[in-house]
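Before any comments, here is the structure.
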Amino acid sequence: MQQFFAEPSWIEENRILMRGADVNHMKNVLRMKPGEDVRINDGAGKTYLCCISAYEEQTAVLDILKELDSDTELPSRIVLFQGLPKGDKMEWIVQKAVELGAYSVVPFAARRSVVKLDEKKAAKKQARWQAIAKGAAEQSGRGIVPEIQSVQTFGEALKTAEELDVILIPYELEEGMKETTRVIENIEPGQSVGIFIGPEGGFEEEEVELAKAAGAYPVTLGKRILRTETAGLTALSILMYYLESRTA
């Protein structure tokens, strides 16, 4: 069933008045008609089963049928710190990270990042990535729309990660799957986790040392060298499986 996110101010006691671009998507793209059911989420974890009552100019009037149980969020907040990749790879990374349960994505410029964004371009990219995150959250039935934060420097990203309980940095020169397994198994549901992924050229050794000094654990994702667009999603998949199996 199609899901959309609504602003809390649009939600009344027995109905929801949808506004904005989603109304056009609902009416003219999906061609949803009055009488059809739709899921609406308030972005704070509440999900409603609704029935389309009518379209009024730029508004879709939805009758609330009932509140649904919403249990699609991971038991831990996972923040993906992604080194800026080339081309449109970031769009794909954001989409898949949201589907896998990331709470937030923080793009950052590492020393080996080829992409250089000025303030204006960075703001435009961020808006684009946030729109992709919203669409992915709707498609995957998320209870929230993950925030795609503004582009940061590596130092700023480490500062942002200070508030997290656990910080992981997959590194191609790191060895020892047993130690990686130990670190992951010690993560408790409810703890917040940051994952640092380098750009195409990876991290410089000095950056890894800075991350370690900030409390990050270097880990390995296996014997193969993964692309930047694969590494973060691999780490997210491992954590998603592990955390949800602990709370099943």
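The values are calculated or read from the model by the stated rules, or taken from the named source; none is laboratory data. Just so we're clear, the structure is a prediction, and the values are computed from it rather than from any experiment. Please note: Cβ atoms are built from the backbone with ideal geometry, for glycine as well, and neighbour counts cover all protein chains shown. We work out accessible area using only protein heavy atoms, side chains counted, and drop any ligands, DNA or RNA first. Shrake-Rupley method; radii C 1.70, N 1.55, O 1.52, S 1.80 Å.
Figures for the structure shown
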item: Subset of the range 32-80 that is under 14 Å from Q3 (Cα atoms), part of a loop (DSSP other than H, G, I, E, B) and at pLDDT 90 or above - its residue that is most open to solvent (accessible area, probe 1.4 Å); result: E36
item: Matching residues, the range 85-108, being within 20 Å of A235 (Cα to Cα) and open to solvent by 40 Å² or more (accessible area, probe 1.4 Å); result: K89, E91, W92, Q95, K96, E99, Y103
item: Some residue of the range 127-141 being more than 18 Å from the chain's Cα centre (by Cα) and either surrounded by fewer than 16 Cβ atoms within 10 Å (Cβ to Cβ) or at pLDDT 95 or above (or both); result: no
item: Some residue of the range 194-211 being of a type in the set (A, V, I, L, M, F, W, C), open to solvent by 40 Å² or more (accessible area, probe 1.4 Å), closer than 18 Å to L80 by Cα and assigned to a loop (DSSP other than H, G, I, E, B); result: no
item: Which numbered condition D69 misses (of (1) within 30 Å of I187 (Cα to Cα); (2) in contact (Cβ under 8 Å) with a residue 24 or more places away in the chain); result: (2)
item: I169 vs. criteria at pLDDT 95 or above, within 18 Å of P85 (Cα to Cα) and in contact with a strand residue (DSSP E or B) (Cβ under 7 Å, 6 or more places away or on another chain); result: no
item: Checking M177 against (1) under 25 Å from Q152 (Cβ atoms); (2) in contact (Cβ under 8 Å) with a residue 24 or more places away in the chain; (3) not β-branched (V, I, T), the condition it does not meet; result: (1)
item: Top-ranked residue of the range 217-246 - restricted to ones that are within 21 Å of A161 (Cα to Cα) and assigned to a loop (DSSP other than H, G, I, E, B), ranked as farthest from the chain's Cα centre (by Cα); result: T220
item: Residue in the range 167-176 that is open to solvent by less than 50 Å² (accessible area, probe 1.4 Å), charged (D, E, K, R) and not in a helix (DSSP H, G or I) present; result: no
item: Subset of the range 97-126 [farther than 19 Å from I169 by Cα and at pLDDT 90 or above]; result: V98, E99, A123, K124, K125, Q126
